[in-house]
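The values are calculated or read from the model by the stated rules, or taken from the named source; none is laboratory data. Bear in mind the structure is a predicted one, so any value in this text is a computation, not a measurement. All Cβ positions, glycine included, derive from the backbone under ideal geometry; neighbour counts span all protein chains shown.
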Amino acid sequence: MFKTSGILFGLIIVLFSSNLYAKGPIPKDTGLALDSMVPEISVIDVNNDKQTIRQLSGDKGLILILFRSADWCPYCKKHLIEINKWHSKFTALGYGIAAISYDSVETLKTFSDKRKLLYPLLADQNHQTMIDYKVLNKKYQPGDDDYGIPYPGVLIIDEQGKLTYKYFYKGYKKRVKLKKLYQRLSEQK
């Protein structure tokens, strides 16, 4: 009996340890269901022009980044700069790239111009896209300064308007690994 209990205890410790030291946080299941048709986005770009999924998409679709703020979120800023470095690789695969936040057009324009972004930053000023895509961070309520912030993540919308990939983390410090995303999309080529 003692030997069996010892083995069982050892297995419990191994399982606990493997979960404790698992690589990366657990993805958050939020937003629209995979393989569903997405609603049109309700956004304007840094030139105050309304944008649509079709306008932003490449031949294979659109990589849509949802981020907290290009003004005050250092994790978002770092990720947006990193995305810029991968822009040409993703567009070579046939995808458009765009990023949406609740920031003002002026804030997005300042960041985009300063960092010479090659892809559009989009303002969801009325929060309609965040609501329609079911990614509005529920931590903030109407009237809060930060109301309208999405859960940070990535969506891939194919050329037919169907959601084929989504990636969200429970926290705000982690982001999708662009190298892994690129490898995944390259394999679908």
>> For the list (1) in contact with a strand residue (DSSP E or B) (Cβ under 7 Å, 6 or more places away or on another chain); (2) over 16 Å from Cys76 (Cβ atoms); (3) buried (at least 16 other Cβ atoms within 10 Å of the Cβ), I need the number of the one condition that Pro150 fails.
In response: (2)
> What are the residues in region 91-106 that are crowded, with 22+ Cβ neighbours inside 10 Å and either among the charged types (D, E, K, R) or over 19 Å from Tyr133 (Cβ atoms) (or both), if any?
Replying inline: Asp103
>> Looking at the structure I just gave you, is Val105 of a type in the set (A, V, I, L, M, F, W, C) and under 18 Å from Val38 (Cβ atoms)?
In response: no
> Restricting attention to region 33-60, and to residues there that are touching a Lys or Arg at 6+ places or on another chain (Cβ under 6 Å) and outside any loop (DSSP other than H, G, I, E, B), which single residue is surrounded by the fewest Cβ atoms within 10 Å (Cβ to Cβ)?
Replying inline: Met37
> Do we find that Leu163 is touching a Leu at 6+ places or on another chain (Cβ under 8 Å), at pLDDT 95 or above, crowded, with 20+ Cβ neighbours inside 10 Å and more than 22 Å from Thr30 (Cα to Cα) in this structure?
Replying inline: no
> Looking at region 79-109, which of its residues are part of a helix (DSSP H, G or I), farther than 25 Å from Thr164 by Cβ and without any contact (Cβ under 8 Å) to a residue 24 or more places away in the chain?
Replying inline: Glu106
> Could you count how many residues in region 61-72 are outside any strand (DSSP E or B) and in contact with a Phe, Trp or Tyr (Cβ under 7 Å, 6 or more places away or on another chain)?
Replying inline: 2
> Based on what the data block shows, is His127 of a type outside the set (S, T, N, Q), within 14 Å of the chain's Cα centre (by Cα) and modelled with pLDDT under 95?
Replying inline: no
